[in-house]
Structure formats: structure tokens, C-alpha cells
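Single-structure report; data block below.
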Amino acid sequence: MARGGPRPGAGRKPGTGTSPAWRISAAFTKERERLADLLEQTGFDPAARLVELASDKSVDPKVAVLAASTLMQYTMPRPPHLEERAEVQLTNINSPEDVITAIGQLAALTAAGVLPTKQALAITKTLEAALEAYHTVDAQRELEALKKQLTRTSSPTQLPVYGGFHV
């Protein structure tokens, strides 16, 4: 019957180093620092770019928000407590343009340090969903208008008859 104590061959072997999860975390931290340095060297400010893109009507808002908010995390300090929340007053959302304006306001508040980045990203996702809903409603309206136009122009009495067949 076995008795207590160390077992021969048990435990981590000499020279195995640290665990893979720790090495991945260290590599991510190093890459994050490298990207932050690169952004600082080039003078690129994701928050300023987001505000600029939000006011540019020719850029697809979904693409602009995704790119800038992805880069924003590398230049903005993390909030001291992940559960820290800031109260935010945004404009009323009544149109796609209002959504874009609100996203720009979020970027400005985050850049000023008033709004934690994690909270800003969560609100931005909600605003992106609202923007997608506006686009869906617009697409449905256009589809209904096309259906009505098609039914008006495709009645058999309006089509010419060639050889007994409607063309």
C-alpha cells in the first residue's frame, strides 16, 4: 500500500519553462506595446479619426467605427475598475445620422477620459445594431416600392403579343 510523500518522476521536469498560457499573454502584451508605440510614432489618434469618419457621410459607418474602435484600445488607458461606469447623455437617436453623431460623442468622451473604453465599446455595439436596423428598414421599403412598380408594369394587358405569346 502506498504511503504519503513525493512520488518519483512527479512534477514539472527541469527546463520546461513557463506555462503556454503565460507565454501567450506575455507575447500579446509585447505586441500591444509595439502597436501602441507605432501609433504614437505615426501620430495616429484613433479617437480623432473616429470623430472625423463619423462626420464624413461618404464612408460606410460600420467600417469606420470598427476600425477606429479596434485601434482605440491601444492608445486609451484601461479603466481602474472594469465595473466602473460613467453616466452618458447622448443625443436623441431618430435617424442613421443621429447614430453616427452619438458614436462620435462616445469617442470624444472616451478620449477625454470621461468614459471607460469597455463601456464605450458596449454602447457602440448597441448603436451599430440600431444603425443596422435603420438600414434594414430602408432596404425593406425600397423592396416594397420595387414590388409595387413591378406589379404595375408587368400586367399581361400591357405587354405586346407576338405569335400568340406574351413577351
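Just so it is clear, none of the values below were taken in a lab; they were calculated from the coordinates. What you see is a predicted model, and the numbers here were worked out from it, not measured in a lab. For neighbour counting, all protein chains shown are included, and Cβ atoms are generated from backbone atoms with ideal geometry for every residue, glycine included.
A compact table of results
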{"item": "Computed lengthening from ARG49 to ALA27, 0.36 nm per intervening residue step minus Cα-Cα distance", "result": "5.2 nm"}
{"item": "Gain upon complete extension [GLN149, SER58; 0.36 nm per residue less C-alpha separation]", "result": "29.9 nm"}
{"item": "Separation in nanometres of the label points that stand 7 Å from Cα toward Cβ, at LEU121 and ASP37", "result": "2.3 nm"}
{"item": "Packing-based exposure ordering (other Cβ within 10 Å, fewest first) of THR91, THR117, THR42", "result": "THR42, THR91, THR117"}
